[in-house]
Every structure is written in structure tokens, then in C-alpha cells.
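Inspection log for the structure reproduced underneath, given as C-alpha cells.
Just so it is clear, none of the values below were taken in a lab; they were calculated from the coordinates. Remember, it's a predicted structure, so these values are computed and weren't measured experimentally. Heads up, the Cβs are rebuilt from the backbone with ideal geometry, glycines too, and the neighbour counts pull from every protein chain shown.
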């Protein structure tokens, strides 16, 4: 299976969620979707990349549990997505938090529009949306299933790094990064070359320093993005 199709298939399988990750705005983005859809008990999606990002120049990024793909849309393709986004923005009485079905998961955080004039959190299966929420549900469904012939693996140049004191099941690796664990607890940035052998995204790494154990998260940063 091609990498872009495998990534899309992986995202489509997930049904159970944890709270959507918080992250800084991505410079130059028109639309951002973050989705929490883990399907393994040891995953932590707070460091997963965004599910979908559309940039002002038509570039797109599509993320899974840890990896990113990058591509580019033509003007008509980008306008079609912007049109759906505009339809959502104009929905009468659209609240900042909505539910498609009570008690259902996954969770979504959609932000978009020039000036970030769209900011909606949603939970539940978009396929169960009532008629009033269907424009939002249709856009989420489109972005969650998004695939495009131009998509290729994206290699980030830096990662957001965050650590917390915690012991995970199994062994742990030795801390080899320049920031100390204490510095990493407040969040910092590391170059991709420093963490080539580390697992990132929804898969935290267990690290031991002396008699202390840490859980380390690495989130791929897009161009111009800061933690």
C-alpha cells in the first residue's frame, strides 16, 4: 500500500478518543484540523501532528499518529475546501463546542478562516450529525478521509519536546538530548537530527535519568510553527 493511502486508512480506522491536542497556530494556514482518534491503550495524542492543514499558497499537510505527508492543491481544489469552510462559518447559531451524538467519540478541533474566525470543537461520529450540523460534519468527514495524488512524506526539521515525570511499562532509554529533563518539562524545541532514533507523535518515549523516569513527547513542527 502506498504511504499516503496507508496513512489515510490508519486514520479512518480509529474510533476511540482522548482530548484534542493543544498547539500553537501555524503561520500562513487557512484551515487546521486536529483530531484525537487513538486505537491503542498506550498512545497519547497530545503530541500527534495535525490531521489536516491547508496553507494560503495551496500547500497541504496530512498527519497520522506520528508522521506527516505534504502536497499541494490547485486553485480549484483549494477553493472547494474554502467553500465548505465558509459554509460552516455561516451556520446559524454555530456553537464553539458541539456534539454529533451524546457520548460518542472521536474529538475534533477545527480552526480556520483568515484571522482564525472559525474555532469549533466537536465530538462524535460526523455520520450521526443532525441536519443543522451537516455542513460541519461533511467538512470533517472530507478532511479525515483526505487523500491527494501530490502527497509525499514530509520530513520536519524540528520537533516540539515536552517531558513529564512518569513511568511507562517496559524499559527506558538514556537521556541524550541537550535540554535537561527539567528544562523539557516546560517545553522546548529540538532539531530533527537530535531525535532521529526517537519515536514521536502519539508514542511517548520512556527515559531514565538517575532514579527518575520521564515520559517524553515529540511533536513534528510545520514550517514557521512554534510550540
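Being without any contact (Cβ under 8 Å) to a residue 40 or more places away in the chain and under 22 Å from residue 26 (Cβ atoms) is the requirement here; does residue 90 meet it? Can you show your working first?
Details: without any contact (Cβ under 8 Å) to a residue 40 or more places away in the chain: yes; under 22 Å from residue 26 (Cβ atoms): no.
No; evaluated as a whole, the condition is false for this residue.
Within the stretch 134-176, if we keep just the residues that are part of a strand (DSSP E or B) and over 23 Å from the mean Cα position of the chain (by Cα), the residue that is surrounded by the fewest Cβ atoms within 10 Å (Cβ to Cβ) turns out to be 174.
Can we say residue 179 is buried (at least 17 other Cβ atoms within 10 Å of the Cβ), in contact (Cβ under 8 Å) with a residue 60 or more places away in the chain and assigned to a loop (DSSP other than H, G, I, E, B)? Answer is no for this residue.
From the list 35, 48, which residue is closer than 20 Å to residue 126 by Cα and surrounded by 24 or more Cβ atoms within 10 Å (Cβ to Cβ)? Explain how you work it out, then say what you get.
Numbers: 48 fails: closer than 20 Å to residue 126 by Cα.
The match here is 35.
Identify the residue in the stretch 101-117 that is touching a residue at least 40 places away in the same chain (Cβ under 8 Å) and in contact with a helix residue (DSSP H, G or I) (Cβ under 8 Å, 6 or more places away or on another chain) and, among all such residues, is surrounded by the fewest Cβ atoms within 10 Å (Cβ to Cβ). That would be 113.
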